[in-house]
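Report on one structure; see the data block that follows.
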Amino acid sequence: MAMSTAQTLRRADLAGFSGYKSARSDTLQADIVLNANEFPWSNPADATGACRRYPDPQPGALLSAMAGLYGVAPEQILLGRGSDEGIELLLRTFCAPGRGTVLIAPPVFGMYAVCARLHGAQVVEVPLLDTRQGFKPDLDEMAALALRTGATVLFLCTPGNPTGEAISLEDISRVARQLHQHCLVVVDEAYGEFCETGSSVSMLPAHDNIVVLKTLSKAYALAGARVGAVIAHPTTIEAMRASQAPYPIPEPVVSLAMAAISNAAVAETRTRVEQVKRLRDALSQKLAVMPGVRRVYPSQANFVLVRLVAAEQVLSALRAAGILVRDMRAMPGLGDAIRITVGDESENARVLEVMKESMPLQRELA
């Protein structure tokens, strides 16, 4: 039987490595549990005693619920601390320290490069193309460069952060075919719920080198809980799980996440997502006709990227009004840009009001 891409690419020094086996890995139902050096009584602040014992490394109920949410089998999911842990585990598992290579398309989410550099991996960049239709990755060049450099992990962010563009499933499939047995194609769908394009999860049966990152931090409004999932071929999940610390999801977070993805909560989330999309489009339209705004990029996420004639002036005005937006000027190719998260109607109106008030000087500079 042919090896999967994950089996081919896993670090050679991790062959046969099964990771740390915690005391909670023993599934025997016991009346007296004395195998984890836990305290015999609950903390006074923990009235129910829910936190006295270590949590399940991969909570079964949450694993099943997340699998149902994304339409995959439980063995295709690894739960972790948001998408960030998934990025770290991919590098730990598939990049030899000090020798591995990772490929990204800036401007993009900074944690790909940060995690790679902390791991000692080389970061190879193929900048996004700034086109009339918005930013687009040069996928053919990315695939070719991945093959030339021996990259084992290629990151695609869709919708892009901070750029907002979506990549078609056909294009992702094409890259995955080109890199089969050579490189993992990691599709970060942190903002996928806001996107009109379908999820790359649907392509997992056809591509064992596609890895999808999901999170409950954005559309599900659990940023403070830190719940994410890696969705991939079972051999990829098995390899990554061996590289993971034993207890990634705290017990109180499990209960919160279960409630957040109940049928009723999911239905309400989807309604709210549609509302955010309407607010996003309205915000984009009003920004586009504002003096001093050079460009508003099309977005399929819950934010908009805006180029300004005088970004510093606008940022200063917003800060003075007690409003925080993201300064993107340090990112490659975005020296005049800010990113605005879509707020509620009153928050968006206030942002527009302050920006409009800061524009007179910009008309002279334009």
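Since every read-out is calculated from the coordinates, none of them should be taken as a lab result. Small disclaimer: the values here were computed from a predicted structure and weren't measured. Note: ideal-geometry Cβ built from the backbone for every residue, glycine included; neighbour counts use all protein chains shown.
By the beta-carbon count within 10 Å of each Cβ, the least crowded to most crowded order of Tyr247, Tyr70, fewest first, is Tyr247, Tyr70. With 10 Å bins beginning at zero, the pair-distance distribution over Cα atoms of the range 22-261 amounts to 7, 31, 34, 18, 8, 3, 0 %. Cα extents for the range 265-365 along the principal axes, largest to smallest and rounded to whole angstrom: 48, 29, 23.
Counting lysine pairs in the chain that sit 8 or more residues apart in sequence, or on different chains, and whose Cα atoms lie under 22 Å apart gives 6.
Filter the trypsin sites (Lys or Arg not before Pro) in the range 111-208 down to the DSSP loop ones having no more than 11 other Cβ atoms within 10 Å, then list what survives.
Details: sites: Arg117, Arg132, Arg148, Arg174, Arg177; in loops: Arg132.
Those that pass, being in a loop and sparsely packed, are Arg132.
Dipole check for the range 6-99: with +1 at the C-beta of Lys and Arg, -1 at the C-beta of Asp and Glu, and the Cα centre as origin, the magnitude is about 300 Debye. Dipole magnitude for the range 22-261: computed about the Cα centre from +1 point charges on Lys and Arg Cβ and -1 point charges on Asp and Glu Cβ, it is near 320 debye.
Normalising by residue count, the range 143-270 has a Cα convex hull of 129 Å³ per residue. For Asp188, the residues whose amide H sits under 5 Å from its own are Leu156, Cys157, Thr158, Leu213, ignoring neighbours fewer than 5 places away on the same chain, with H placed 1.01 Å from N.
The calculated 222 nm mean residue ellipticity attributable to helices in the chain amounts to -11000 deg cm²/dmol, summing -39500 (n - 2.57) over DSSP H runs of n ≥ 4 and dividing by all residues. Distance from the alpha carbon centroid of the range 170-192 to that of the range 276-319 works out to 30 angstrom.
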